Amino acid sequence: MYRYDEFDERLVRERIAQFREMVRRRIDGSLTEEEFTLLRQMNGLYLQLHAYMLRVAIPYGTLSGRQMRQLALIADRYDRGYGHFTTRQNIQYNWPRLRDVPDMLELLADVEMQCIQTSGNCIRNVTADHFAGVAADEIEDPRPTAELIRQWSTLHPEFSFLPRKFKIAVTGSAVDRAAVAVHDIGLRIVADAKGRIGYRVTVGGGLGRTPMIGKPVREFLPREELLPYLEAILRVYNLEGRRDNKYKARVKILVHELGTEAFVARVEEEYARIDRGAVEVDAAEVARIAAYFAPPAFEALPARSEAFEKAARDPDFARFARTNLFPHKAPGYTALTVSLKPIGAPPGDATSDQMRVLADLAERFSADELRVTHVQNIVLPHVRLDDVPEVWAALVEAGLATANSGLVTDIISCPGMDYCKLATARSIPIAQEISRRFADPERERAIGPLGIKISGCINACGHHHVGAIGILGLDKAGVENYQITLGGEPGDLASLGERLGPGIDADEVPAAIERIVDVYLALRTDEAETFIDTVRRVGLDPFKPALQPQEPVRAAA
Amino acid sequence: MPLLDREGLQADPFDRADPSAEGVIVPFDGLEEALESGSNRPVGVDLPNHVHPSRLASHLDRLALVAIDFPKFSDGRGFSLARMLREQGYRGRLRATGRILPDQFAFALHSGFDEVEISDEQAARLPVGQWQLAPHQFSDNYVDTRDGRVSVFKRRRAAREAA
Ligand code: SF4
């Protein structure tokens, strides 16, 4: 994992001092509320429905046990004993008091963490594949690139007051688990014919009210040109992005309105002018950063583990092992997903006790590493197969052993009406109710991989556009109304869901989802055909009747 | 209107109206005329932040001042424009005007501005001390800056080479 040096450390401490001063200047009237709002947001502090919310950056989702333990301490001391992991691999505290925030920031800084640029119209926390350093199909670990971008973008003098927020995601694998196509800039690490490493760059992806898939602007950008090229993109966006309408201010709208070709021409023109030498980072520094992400020393282990196979005679363990383990490139190891989606609970929440359990497990069994996924779960990336039974037992004890990774109850949901002041409908209670409907683990297993994603308003923080089933909560004349979309996909074959029909009431949603799943089960060629594949094969029509209550959909198949 | 640089309040030798001022600042669309007028008063120009700086390219060595407007503090185009003008070789005075905040002053200096011109209302609300403190709140920058800071990346390398 990356470790702060004196420069990183000093900057974070100075940022806190600046923040304290900023709060003081708001209180003495130097800053207007409008000014303070944008400035505090750049420190991750939002005003929500009931209270402030503090969003802590977890760069590319990587955490140590010590850091996780500190997050637990903060949850106990300044929140209500829990934290909420988000789709951007961050953690949010929903109940801090303004006057406590600087002290919370100091506690974070003690473990090399901060809230810089987790909000505001600037370059946000960079996200990456949560199986970085694990996946066998990886060309290169994306985190050194993400860390380089984190440093470069931190308090960037030119790009801190952009038209709108700006999100960058990096993947280093053939299979995209970072959903790079739906980010303002998506970077995919690629190798050219000579084996040189570079990036395939897409610009203008995003969800929100106008969802778009990112457009390729460079098929191969040599590694050393990354930062200057990013500067050229950001500069064109800073100058030309729309500032007259916040709903049209993201770079995706600029790319769309100019057309990809014209946008690329602008970027290349700017890139030709830019003083690259001032921006490029030399290879030695890149290598210094990359060295922190060197894989832990894996033991030479057989690919099969007796202890594991013995434990697998227990059907509960076997089910967990089937759903929550991801193949590791090192024989005898696995990456283990800890689901933060127990049946009927708000997605992504963890109590401080659970965080401490995870910290312990990481230290004892996973090379002191944890990952936060954009599906709001936690990964122990480097667990020996021999140790999985013991880890599982500890997870069972802590209420963290739900065997549903990637399944229908592994729901992504934004906070919705329960916390968010922009919400037009509830989302967490919908997630909870759907989760209860599919509580039977055997049924869930039989259904197979299926991503349900829920947003409480058109801003789409719950990524409903890329849910195999997407649910969008709206307000229709004072009544919550939910639109269902099918066929969204965040990864390699990125696609946006299509609307199934008119919106339905909140209490009809869980039953409608059940009927949709039943249609799938009736239509799939066999168990190997996943929900999304069936939707792609048969289209939306066979699913349409499922929106209506009491339609005999099973018979129709 | 009050003028500040990194040292604090300064007298402003330029004015947009007063003919007895040392230098004059003209609107962007009056620039050609001012430069052709034959007067030897230093000429500055108000650059709206939607005008691409390449449109000043042919005048750069005759301009004594470029003032870039920040119509709202949240509108950061001026930071890019400043850097681009410097990259194009502009060496004269570069001034930020409008709704800029002390919290942005360091960014302005790093981007190539020399000074900010604020309204009396801003000056009353945001005392000089806040502007003077701003450039010193952070010791380092991750990127090279126009006011002479060397990026953390390069300083790490220098430290390695010295070791
Ligand atoms: S999608 Fe809407 S309701 Fe949900 S968190 Fe985002 S802004 Fe709030």
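Only the coordinates and a few stated rules stand behind these numbers; no lab work does. Worth saying up front: this structure is predicted, and the values here are computed from it rather than measured. Neighbour counts are summed over all protein chains in view; Cβ atoms, including those assigned to glycine, are modelled from backbone coordinates with ideal geometry.
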(request) Could you tell me which of B:Pro71, A:Leu340, A:Gly501 has its Cα farthest along the dipole of the protein assembly as shown towards the positive end, charges placed at Cβ (Lys, Arg +1; Asp, Glu -1), taken about the Cα centre? (result) A:Gly501
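Hand me the chymotrypsin sites (Phe, Trp or Tyr not before Pro) from the stretch A:269-368 located in a DSSP loop with no more than 12 other Cβ atoms within 10 Å, in residue order please.
The qualifying sites are A:Tyr292.
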(request) Hey, can you grab everything whose amide H is under 5 Å from the amide H of B:Tyr142? Only 5+ residues off in sequence or another chain; H modelled, so Pro and N-termini drop out. (result) B:Val152
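Normalising by the residue count of chain A, find the relative contact order in percent from Cα pairs under 8 Å and 6+ residues apart. Write out the running numbers ahead of the final one.
Details: 1206 pairs, mean separation 68.1, N = 557.
Relative contact order here is 12 percent.
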(message) I need the phi-derived Karplus couplings for the stretch A:417-425: 6.51 cos²θ - 1.76 cosθ + 1.60, θ = phi - 60°, integer Hz, Gly and Pro marked x.
(response) 4, 5, 9, 8, 7, 8, 4, 10, 7
(request) Specify whether the C-alpha gyration tensor of the stretch B:96-144 places it in the rounded, prolate or oblate class, a ≥ b ≥ c being the square roots of the eigenvalues: rounded for a/c under 1.5, otherwise prolate if a/b is larger than b/c and oblate if not. (result) oblate
(request) State the number of lysine pairs found in the stretch A:134-291 whose Cα atoms come within less than 23 Å, restricting to pairs 8 or more positions apart or on distinct chains. (result) 11
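Count the DSSP beta bridges whose two residues both fall in the protein assembly as shown, then state the antiparallel fraction as a percent rounded to the nearest 5. Spell out each step's value before the answer.
On the way: 57 of 89 bridges.
In the protein assembly as shown, DSSP labels about 65 percent of beta bridges as antiparallel.
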(request) Report the convex hull volume per residue for the stretch A:134-291, counting only C-alpha atoms, in Å³. (result) 118
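Of all DSSP beta bridges in the stretch A:152-248, what percent run antiparallel (nearest 5)? Display every interim value, and only then the final one.
Numbers: 13 of 17 bridges.
Beta bridges within the stretch A:152-248, antiparallel portion: roughly 75 percent.
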(message) Need the full-extension length gain, A:Leu258 to A:Arg443, defined as separation in residues times 0.36 nm minus the C-alpha distance. One decimal, nm.
(response) 61.8 nm
(request) Any chance you could give the angle, 0 to 90 degrees and rounded to 10, that helix B:152-162 forms with the longest Cα principal axis of chain B? (result) 50
(request) Report, in cubic angstrom per residue, the convex hull volume of the C-alpha atoms of the stretch A:412-547. (result) 97
(request) Using R₀ = 41 Å, calculate the FRET efficiency as 1/(1 + (r/R₀)^6) where r is the Cβ-Cβ separation of A:Thr32 and A:Arg223; round to 0.05. (result) 0.40
(request) Sort B:Asp144, A:Asp360, B:Asp29, A:Asp79 so the one with the fewest other Cβ atoms within 10 Å of its own Cβ comes first. (result) B:Asp29, A:Asp360, B:Asp144, A:Asp79
(message) Below 23 Å, Cα to Cα, which lysines can A:Lys544 reach? Residues fewer than 8 away in the same chain don't count.
(response) A:Lys453, A:Lys476
(message) Can you give me the distance in nm between label points at B:Val150 and A:Glu397, each placed 7 Å from the Cα along the Cα-to-Cβ direction?
(response) 5.3
(message) Give the list, by residue number, of cysteines in chain A with no other Cys Cβ closer than 4.7 Å, or say none.
(response) A:Cys115, A:Cys122, A:Cys420, A:Cys457
(request) With +1 on each Lys and Arg Cβ and -1 on each Asp and Glu Cβ, and nothing else charged, work out how big the dipole of the protein assembly as shown is about its Cα centre, in Debye to the nearest 20. (result) 380
(message) Output wanted: per-residue J couplings in Hz (rounded whole) for the stretch B:35-52, from phi through Karplus 6.51 cos²θ - 1.76 cosθ + 1.60, θ = phi - 60°, x for Gly and Pro.
(response) 6, 8, 5, x, 5, 9, 5, x, 10, x, 9, 8, 9, x, 7, 9, 9, 5
(request) Taking chain B as the reference, fit the longest principal axis to its C-alpha atoms, fit the long axis of helix B:77-87 to the helix C-alpha atoms, and give the angle between the two in degrees, 0 to 90, nearest 10. (result) 90
(message) Could you tell me which residue out of B:Leu85, A:Val519, A:Phe298 lies farthest along the dipole of the protein assembly as shown toward its positive end? Charges go on the beta carbon: Lys and Arg +1, Asp and Glu -1, centred on the Cα centre.
(response) A:Val519
(message) How far apart, in nanometres, would the label points at A:Arg273 and B:Asp140 be if each is projected 7 angstrom from Cα along the Cα-to-Cβ direction?
(response) 3.2
(request) Could you pull out every residue, at least 5 positions away or on a different chain, whose amide H is within less than 5 Å of the one on A:Ala57? Hs are placed 1.01 Å off N in the peptide plane, and Pro or chain starts have none. (result) A:Gln114, A:Cys115, A:Ile116
(request) Consider just the alpha-carbon atoms of the protein assembly as shown and return their Rg together with their Dmax, both in angstrom. (result) 27.1, 95
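I need the trypsin sites (Lys or Arg not before Pro) found in the stretch A:1-66, filtered to DSSP loop residues with at most 11 other beta carbons within 10 Å of theirs.
On the way: sites: A:Arg3, A:Arg10, A:Arg13, A:Arg15, A:Arg20, A:Arg24, A:Arg25, A:Arg26, A:Arg40, A:Arg55, A:Arg66; in loops: A:Arg3.
Here the trypsin sites (Lys or Arg not before Pro) that fit, given the DSSP loop and packing criteria, are A:Arg3.
Quick one: plug the Kirkwood hydrodynamic radius of the stretch B:3-138 (C-alpha pairs) into Stokes-Einstein at 37 °C, 0.692 mPa s, and report D in µm²/s.
On the way: Rh = 15.2 Å.
My calculation gives 217 µm²/s for D.
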(request) Kindly write out, for the stretch A:202-212 in residue order, the coupling ³J(HN,Hα) from the Karplus curve 6.51 cos²θ - 1.76 cosθ + 1.60 (θ = phi - 60°), rounded to whole Hz, with x marking Gly and Pro. (result) 10, 10, x, x, x, 9, x, 6, 10, x, 8
(request) Evaluate the Debye formula for the stretch A:6-110 with equal point scatterers sitting on the alpha carbons, no solvent, and hand back log10 of I(q)/I(0) at q = 0.22 Å⁻¹, in q order, two decimals. (result) -1.33
(message) Starting from the 7 Å offset along Cα-to-Cβ, what nm value, one decimal, do you get for the label separation of B:Ala163 and A:Asp353?
(response) 4.5
(message) Less than 11 Å Cβ to Cβ from A:Phe298, Lys/Arg counted +1 and Asp/Glu -1: what total charge do the surrounding residues give?
(response) +1
(request) Mind jotting down the distance between the C-alpha centroids of the stretch A:197-262 and the stretch B:37-97, whole Å? (result) 26
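If you filter the stretch A:130-221 for trypsin sites (Lys or Arg not before Pro), then keep DSSP loop positions with at most 14 other Cβ within 10 Å, what is left?
Working: sites: A:Arg150, A:Arg164, A:Lys165, A:Lys167, A:Arg177, A:Arg188, A:Lys194, A:Arg196, A:Arg200, A:Arg209, A:Arg218; in loops: A:Arg164, A:Lys165, A:Lys167, A:Arg177, A:Lys194, A:Arg196, A:Arg209.
Taking the stretch A:130-221 and a limit of 14 other Cβ atoms within 10 Å, the loop trypsin sites (Lys or Arg not before Pro) found are A:Lys194, A:Arg196, A:Arg209.
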(request) Quick one: which residues, 5+ away or cross-chain, put their amide H under 5 Å from the amide H of B:Asp15? H built at 1.01 Å from N. (result) B:Gly23, B:Val24, B:Ile25
